[in-house]
Amino acid sequence: MPNIRGADKTDNIVMAYPRKGVAVFVFSLLIIILSGWTYMADDIETGPWQFIYPANFGNRINVPADNPTTKEGVYLGRMLFYEKKLSANNMLSCASCHQQQKAFTDGKALSEGVDHMTANRNSMSLANLLWTRKFFWDGRAASLEEQAVFPLTNPHEMGQAVSVSAKKISGTDAYPALFKVVYGDENITPDRVVKAISQFERTLISCNSRYDGYMNGTYKPTDQELKGMELFMTAPNPQKGIRGGNCAHCHGGTKNYMELFHNNGLDSIPKDAGIETLTGLVSDRGRFKVPTLRNIALTAPYMHDGRFKTLDEVIDHYSDHIKESPSLSTFLRGESNDKGGKTLNLHPEEKKAIIAFLNMLTDSTFINDPRFSDPNNISAQIKTKTN
C-alpha cells in the first residue's frame, strides 16, 4: 500500500544512484523497462487541493459538492487519465486524444477510436475547465463528471463500459490501494473512476502565457502583437474609420473564452446540426460552443470538424468567407471594415498582426508542467524531481 507522507519515490531514484555510478543507474532503468514495471509513487500527499490562478480569472469555478478536489484525488485522477486499461483494446487512454504538448488536443481533425473509426467532432482542449459549465461542442454535459462518461463508453472512442474498466483495474496491484487512500476503502466503482479523472482535469489551468505577462506587467508586447491585440478586441466601425477584427464578442476576457454557442458561418447548410440536435430549434442549426483560444497555436486543426489546418485559414474564413444562413450569429452579420462591405475584409498585415497576438496565448509552462505529464514516464518523473 502507498505510504502517505509527502516524499516521492523518485527521490530514491535520483539521489541514490549517483553514489553508485551512472552505469548502475542505467542498468537499473533497463531492468525496469524490460520487466514492464509501471511507475507508482510510494508517497501520496493528502488534503484539499489549492487551485492557484490569477485574480482576474475570477472565482466562479465549477466544483460539485459531492466531488471536492483533493491532492490524493488528483493523484489518482492523473493515473487514470493516462491508464490504457480504461479502453476496450487496452491501447487508448484519455491522453491519446488529449496530449499535453498539444495543449491536451491530438493534432487530428477527427480522432480514431478503438474500432479504428473516427469521432464525429474534433477533440477540444482541456485548458481551464475549472470555470466551464457546458462541455462538448454541443454543450450536452453539465459537468466534467458527466462529460467523462461519453468518451470512455463511446464505441468510436475508448469503447468500454466504465463498470468494465473498474473491474479491470480492480485486478491490478496498485489501484485498490490508491482508491483506499482517496475514498477510504478499496472498492473501485464507475462513479469513483469518473470523479477522480474529473478532479485531475480541473487542475489543468493555463495562465502563464505572454498575454498573461502583459496583463500583469511582466511582458512588453511587440508592435505587431499590440496591433493584433487592438484588432482582436475591436469591432469595426467604418463610418468612424475604426478597423477591427471583431473577435472579442466571443473570445474576449482574460481567459479568451465565453460560454456561448454560435453559428460562425462555416456552411450555408450545415452538415452537422450542432446544438439543434439537442434543442430541436431551427435557430440553433450549426451552432457550436465557442472554444477557448488559450494555446490556440498548438491546437490545430480548427473548428468542430477540424477543417482548417492553420490559423491563416481561420482568419481568412472570418475575414472573407462567412457563409450566410438563417442561424448565422448576429455578431457576424453585416460586419465589415468597409462602408457597405459584405465581408470583414482584413488587410494582409492585419491578419498577420492578429495571428501574432494569438501566438501570445501560448503557455509553455502549461504544456511542460510535470504535474500534468504521464506518471508512467520514468524520465518525466526524474525531471519532476530535478527541476
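The values are calculated or read from the model by the stated rules, or taken from the named source; none is laboratory data. None of these values were measured; they are calculated from a predicted model. Positions of Cβ are generated from backbone atoms using ideal geometry, with glycine treated the same way; all protein chains shown enter the neighbour counts. In case anyone asks, the SASA skips ligands and DNA or RNA and just uses the protein heavy atoms, side chains included. Shrake-Rupley method; radii C 1.70, N 1.55, O 1.52, S 1.80 Å.
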For segment 254-313, the count of residues that are touching a residue at least 60 places away in the same chain (Cβ under 8 Å), over 19 Å from residue 123 (Cα atoms) and touching a strand residue (DSSP E or B) at 6+ places or on another chain (Cβ under 7 Å) equals 1
Segment 280-292, residues that are part of a loop (DSSP other than H, G, I, E, B) and either closer than 13 Å to residue 266 by Cβ or open to solvent by 20 Å² or more (accessible area, probe 1.4 Å) (or both): 280, 281, 285, 286, 291, 292
Search result, residues across segment 220-270 that are part of a loop (DSSP other than H, G, I, E, B), open to solvent by 60 Å² or more (accessible area, probe 1.4 Å) and more than 19 Å from residue 139 (Cβ to Cβ): 220, 222, 241, 243, 268, 269
For a quick check of your reading of the model, give me the residue pairs whose first member lies in segment 126-139 and is closer than 21 Å to residue 287 by Cβ and of a type in the set (S, T, N, Q), whose second is open to solvent by 20 Å² or more (accessible area, probe 1.4 Å) and in a loop (DSSP other than H, G, I, E, B), with beta-carbon atoms closer than 7 Å and at least 6 apart or on different chains. 132/62
Within segment 48-61, work out how many residues are at negative phi and open to solvent by less than 30 Å² (accessible area, probe 1.4 Å). 1
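Filter segment 66-91 for residues that are in a helix (DSSP H, G or I) and open to solvent by 50 Å² or more (accessible area, probe 1.4 Å); which is farthest from residue 126 (Cα to Cα)?
85
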Quick one: how many residues across segment 92-104 are open to solvent by 20 Å² or more (accessible area, probe 1.4 Å) and either assigned to a loop (DSSP other than H, G, I, E, B) or small (Gly, Ala, Ser) (or both)? 3
Flagged pairs (Cβ under 6 angstrom, 6 or more apart or on separate chains; first in segment 201-223, farther than 30 Å from residue 75 by Cα and at pLDDT below 95; second open to solvent by less than 40 Å² (accessible area, probe 1.4 Å) and among the polar types (S, T, N, Q)) are none
Quick check on residue 210: is it open to solvent by 40 Å² or more (accessible area, probe 1.4 Å) and at negative phi? yes
Residues (among the hydroxyl-bearing types (Ser, Thr, Tyr) and farther than 19 Å from residue 265 by Cα) located in segment 330-365: 362, 364, 365
Wholly enclosed helices (runs of 4 or more DSSP H) of segment 310-380 bearing at least 3 residues open to solvent by 70 Å² or more (accessible area, probe 1.4 Å), at positive phi and in contact with a Lys or Arg (Cβ under 9 Å, 6 or more places away or on another chain): none
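Taking residue 142, is it exposed (fewer than 15 other Cβ atoms within 10 Å of the Cβ) and either under 19 Å from residue 96 (Cβ atoms) or within 24 Å of the chain's Cα centre (by Cα) (or both)?
So residue 142 fits the description; yes.
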For segment 114-127, indicate whether the set of residues that are surrounded by 22 or more Cβ atoms within 10 Å (Cβ to Cβ) and assigned to a helix (DSSP H, G or I) is non-empty. no
With the structure loaded, tell me whether residue 219 is touching a Leu at 6+ places or on another chain (Cβ under 7 Å) and either aromatic (Phe, Trp, Tyr) or over 27 Å from residue 305 (Cβ atoms) (or both) or whether it fails that test. no
Within segment 171-186, which residues are over 22 Å from residue 144 (Cα atoms) and either under 25 Å from the mean Cα position of the chain (by Cα) or assigned to a loop (DSSP other than H, G, I, E, B) (or both)? 171, 172, 173, 174, 184, 185, 186
Of (1) open to solvent by 20 Å² or more (accessible area, probe 1.4 Å); (2) touching a Lys or Arg at 6+ places or on another chain (Cβ under 7 Å); (3) assigned to a loop (DSSP other than H, G, I, E, B), residue 168 satisfies every one except (3)
